[in-house]
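Note sheet for the following structure.
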Amino acid sequence: MKLSDKKATLSFSDGSASVDFPVYDGNVGPQVIDIRKLYGQTGMFTYDPGFLSTASCSSSITYIDGDKGELLYRGYPIEQLAVNCDFMDVSYLILNGELPDAAQKKEFDSLVTHHTMVNEQMQFFLRGFRRDAHPMAVLTGLVGAMSAFYHDSNDINNPHHRHVSAIRLIAKMPTLVAMAYKYSQGQPYIYPQNNLSYTGNFLRMMFATPCEEYVVNPVVERALDRIFILHADHEQNASTSTVRLCGSSGTNPFAAVAAGVACLWGPAHGGANEACLQMLEDLQAKGGMAVVGQFMEQVKDKNSGVRLMGFGHRVYKNYDPRAKLMQQTCKEVLAALGLENDPLFKLAMEVERIALEDQYFVDRKLYPNVDFYSGIVQRAIGVPTALFTAIFALARTVGWIAQWTEMISDPEYKIGRPRQLYQGSPARDVKKK
């Protein structure tokens, strides 16, 4: 870390001695005040619900500037990566810090491809779930169970073991998601096919049957690959912080990533695109285009309890850079599949039009976010709404495992132990009545 020339001084109104803290510079973005010695020097903690003003770690993977609408993976703008690279390029970049050359790309693709199969006993594990179980419930169990099947790479202090675990997680996650889907449909599992791309292979495992040959639609393949790229990492979000916190105890990477999957399930996080499609389906059931104007007016009424899902973002105070890319992809997919006039998609476009033109939404910078468009794309290609978050988890796995690896390799890493402002009863004696 780069020590700044300035320091931060904490003073007290009761005349107690002031305390100085070092300030560190990031390569870009805000400076940080190092308060690690705050409790030792003052006997006090900071109070920061949600950790909105607290840097819990030092990282070199992803940078977000919410005010500018900027997202960088290892310094590369997301707009350039999504247009010029595929998901395997981006996965290599996130894991290793640089984009691969031709030889490195070939080797990495081959390595991931030849780890896509999962232990056959996973099929029996799946049978313990109800057919109608939510895919995220199934996926949480499957990912956690991987540590029972692949315990030969669980020495977190061994760099080679960490690398093997990373490849296994990235390679096997599409297989597990597809298996969870096939199980819910009562269809036979489709094994990976090594001559296909990472994304093409996933599409085949999802939608092929033994009855006929499956041909990957290149427009759909590229669209889903772009969804993977846009969701690959997103700095210290809730699920990534969960993976780091869980992993800080020294647990195996499969358990840490399973914790990330569970966190991602929440509707305020990875479940947002599922919630967005549910909102549109509910609106369609109530009258669709005929009532969309009334619906948007209710959204503006704080007392109505009606929420507009898929718009605005906690981090981005400008247009979500991922949404711009996804909007273009959405239009390409709808055109390729002949769905431009599908009632639900026309409804989604009308909601978008109103939000972009209505001054209420413009003033509050409630622009469509990536969840709005990615949900529409996934529905268009046949992905059931309940599976949206599982596909998000598939894409985010590379970010989770890269963040976990970075943490384990950091000489300053410690087990996570947030503090609290206690508001309960002081010590008291038990008195029987």
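Can you work out which of the residues in region 46-86 that are hydrophobic (A, V, I, L, M, F, W, C) and outside any helix (DSSP H, G or I) is nearest to residue 221 (Cα to Cα)?
Only one residue tops the list, namely 85.
Please state which one of 259, 323, 238, 268 is in contact (Cβ under 8 Å) with a residue 40 or more places away in the chain, of a type in the set (Gly, Ala, Ser) and within 23 Å of residue 387 (Cα to Cα).
Only one candidate qualifies: 323.
Can residue 112 be described as touching a strand residue (DSSP E or B) at 6+ places or on another chain (Cβ under 8 Å), modelled with pLDDT of 95 or more and assigned to a helix (DSSP H, G or I)?
No, not satisfied.
Kindly establish whether residue 13 is free of Cβ contacts under 8 Å to residues at least 12 places away in the same chain, in contact with a Ser or Thr (Cβ under 6 Å, 6 or more places away or on another chain) and more than 24 Å from residue 223 (Cα to Cα).
no
When the residues of region 404-432 are narrowed to those that are open to solvent by less than 100 Å² (accessible area, probe 1.4 Å) and among the acidic types (Asp, Glu), which ends up farthest from residue 255 (Cα to Cα)?
Here the residue is 412.
Kindly check whether there is at least one residue in region 57-67 that is in contact with a Ser or Thr (Cβ under 9 Å, 6 or more places away or on another chain) and open to solvent by 50 Å² or more (accessible area, probe 1.4 Å).
no
For region 204-213, give me each residue that is open to solvent by 70 Å² or more (accessible area, probe 1.4 Å) and either modelled with pLDDT of 95 or more or part of a loop (DSSP other than H, G, I, E, B) (or both).
210, 211, 213
I need a count of the residues in region 404-433 that are assigned to a helix (DSSP H, G or I) and not hydrophobic (A, V, I, L, M, F, W, C).
Summing the residues that are assigned to a helix (DSSP H, G or I) and not hydrophobic (A, V, I, L, M, F, W, C) in region 404-433 gives 3.
Kindly indicate whether any position in region 271-285 is at pLDDT 90 or above, closer than 30 Å to residue 412 by Cα and open to solvent by 50 Å² or more (accessible area, probe 1.4 Å).
Checked against the condition, which is being at pLDDT 90 or above, closer than 30 Å to residue 412 by Cα and open to solvent by 50 Å² or more (accessible area, probe 1.4 Å), region 271-285 yields no hits at all.
Residues to consider are 348, 336; find the one that is of a type in the set (Gly, Ala, Ser), at pLDDT 80 or above and open to solvent by 50 Å² or more (accessible area, probe 1.4 Å).
Of 348, 336, the one residue that is of a type in the set (Gly, Ala, Ser), at pLDDT 80 or above and open to solvent by 50 Å² or more (accessible area, probe 1.4 Å) is 336.
What residue, of 158, 194, 201, is out of contact with any helix residue (DSSP H, G or I) (no Cβ under 8 Å at 6 or more places or on another chain), within 21 Å of residue 92 (Cα to Cα) and either surrounded by fewer than 16 Cβ atoms within 10 Å (Cβ to Cβ) or not aromatic (Phe, Trp, Tyr) (or both)?
So the residue among 158, 194, 201 that is out of contact with any helix residue (DSSP H, G or I) (no Cβ under 8 Å at 6 or more places or on another chain), within 21 Å of residue 92 (Cα to Cα) and either surrounded by fewer than 16 Cβ atoms within 10 Å (Cβ to Cβ) or not aromatic (Phe, Trp, Tyr) (or both) is 158.
For region 93-151, enumerate the residues that are surrounded by fewer than 18 Cβ atoms within 10 Å (Cβ to Cβ), within 22 Å of residue 263 (Cβ to Cβ) and among the aliphatic types (A, V, I, L, M).
Within region 93-151, 133, 137, 148 meet the criteria.
So which pairs qualify, if the first residue must be in region 349-377 and outside the structural domain of residue 294 (by the TED database), the second must be open to solvent by 50 Å² or more (accessible area, probe 1.4 Å) and not in a helix (DSSP H, G or I), the Cβ gap must be under 7 Å, and the two must be at least 6 apart or on different chains?
Partner pairs satisfying both residue conditions: none exist.
When region 70-92 is examined, which residues are found to be open to solvent by less than 20 Å² (accessible area, probe 1.4 Å), more than 17 Å from residue 198 (Cα to Cα) and not hydroxyl-bearing (Ser, Thr, Tyr)?
Passing the criteria: 71, 78.
Taking region 3-19, which residues are charged (D, E, K, R) and outside any loop (DSSP other than H, G, I, E, B)?
Answer for region 3-19, where residues must be charged (D, E, K, R) and outside any loop (DSSP other than H, G, I, E, B): 5, 6, 7.
The values are calculated or read from the model by the stated rules, or taken from the named source; none is laboratory data. All figures in this text were calculated on a predicted structure; none of them were measured in a lab. In this analysis, Cβ positions are derived from the backbone assuming ideal geometry, glycine residues included, and neighbour counts consider all displayed protein chains. Side chains included, ligands, DNA and RNA excluded: accessible areas come from the protein's heavy atoms. Shrake-Rupley method; radii C 1.70, N 1.55, O 1.52, S 1.80 Å.
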